Amino acid sequence: MSQYLARRLLTAIPTLLLISFVVFAILALAPGDPLSQFAANPAVPPEVREQIRHSLGLDQPWPIRYVKWLAAVSHGDWGYSFASRMPVWDLIGQRIPATLAVLGVAFVISILVAIPIGVLSAVKRYTLFDHAMTTLAFIGFSVPTFFTGLVLIILFSVKLGWLPFIYDSTIQVDDWSSFVAQVKQSIMPIFVLALFQTATLVRYTRASVLENLPLDWVRTAHAKGLGETGVVVRHVLRNSLIPVITLIALTAPTVFAGAIITEQIFRVPGIGSLLIASINSSDTPVVMAITFTFAVLIVLFNIVADVLYGVLDPRIRYS
């Protein structure tokens, strides 16, 4: 196992370098100027703009800037934001709590809800419960998140006035009233994200369980006198989770990247909205930090998924 993990990590290094190179090249060659706010201001003399451009290294060719960026990142220095002049990780750190409070909670809820529903839907195949859950699942991943969000805003914010439709990041949870306010403003974005993720996981879980239920080893377990619940929980579910683990591992890094559309609808100041704002302002250090970290998380979670395969299925061995 250790040799397999070492090979995977060594293979991931050129992959991540290639991703960072491509992303940096696209940002450098894309139209847009990080100093456009100064260019549009006649009060800033041209020589001052050139000094700022030189201090940021923007007067150098982009391959040289990429090598310098890579060298700085290898020492843990992610640079400063062109737009705010703040350290990149300080800027990202301000957005992570809002992203985790919405997307992280929605991700956990979707896992806790989807797997039991998917298993029950497969075990009670073609019953009223199965048809209802299948219909809801199709609706959940077919309807776009922006449409679901707008419907919830119209219903619960505009018509009923129960929930706020703009996320207030200034709320500090230090008493019961502030906790209630935080929960109320998080309900709609969490529901929108959890609905989509739950629907997808339910379909994967149901399909995987249905593949395992008619197999010979399941009938053998029943013949030995094991109850339905014991067979499903101890045997069928364990083998059925392998494709589900793959989906969860590929989805988990999006908790860091943020939910761009949902954050825009509810004005959640998360990583997704920061990424969009940084792309629009050609803020290369921030965009590179978010995209590169996202790529690293994808690689790591894929390795975690491979390890979990061996835990769930003893037949899988890595050498």
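Every number in this text was worked out from the coordinates using simple rules, so none of it is lab data. What you are looking at is a predicted structure, and each value in this text was computed from that prediction instead of being measured. Cβ: placed from backbone, ideal geometry, glycine included. Neighbour counts: every protein chain shown.
Points to keep in mind about this one:
- Dipole magnitude of the chain, debye to nearest 20 (Cβ charges: Lys/Arg +1, Asp/Glu -1, about Cα centre): 980 debye
- Mean residue ellipticity, 222 nm, helices only, the chain: the sum of -39500 (n - 2.57) across DSSP H runs of n ≥ 4, divided by residue count and rounded to 500, is -22500 deg cm²/dmol.
- GNM result for the chain, Cα springs below 10 Å: residue of 274, 193, 56 fluctuating most strongly: 56
- Per the Debye formula on identical point scatterers at the alpha carbon atoms of the chain, with no solvent, log10 I(q)/I(0) at q = 0.09, 0.14, 0.16 Å⁻¹ is -0.63, -1.18, -1.31.
- Computed E for residue 17/residue 280 - FRET, C-beta separation, R0 41 angstrom, nearest 0.05: 0.95
- Taken over the range 176-266, the percentage of Cα pairs per 10 Å bin, counting from 0 up to the bin with the maximum distance, is 14, 31, 24, 18, 11, 2.
- Estimated from the Cβ-Cβ distance and a Förster radius of 25 angstrom, the FRET efficiency linking residue 179 and residue 86 is about 0.30.
- Full extension of the chain between residue 64 and residue 169 gives 34.0 nm of extra length, using 0.36 nm per residue less the Cα-Cα distance.
- This ranking places 284, 251 by how few other beta-carbon atoms lie within 10 Å of each, fewest first, which gives 251, 284.
- Candidates per trypsin sites (Lys or Arg not before Pro) in the range 219-274, loop by DSSP, up to 12 other Cβ within 10 Å: 224
- Across the options 193, 261, 245, the greatest Cα extent toward the positive end of the charge dipole of the range 191-319 (unit charges at beta carbon of Lys, Arg, Asp, Glu) belongs to 245.
- Going from the fewest other Cβ atoms within 10 Å to the most, the residues 50, 263, 228 appear in the order 228, 50, 263.
- Charge tally around residue 134: other residues with Cβ under 15 Å, Lys/Arg +1 each, Asp/Glu -1 each, net +3.
- Listed residue (82, 138, 13) projecting farthest to the positive dipole end of the chain, Cβ model: 138
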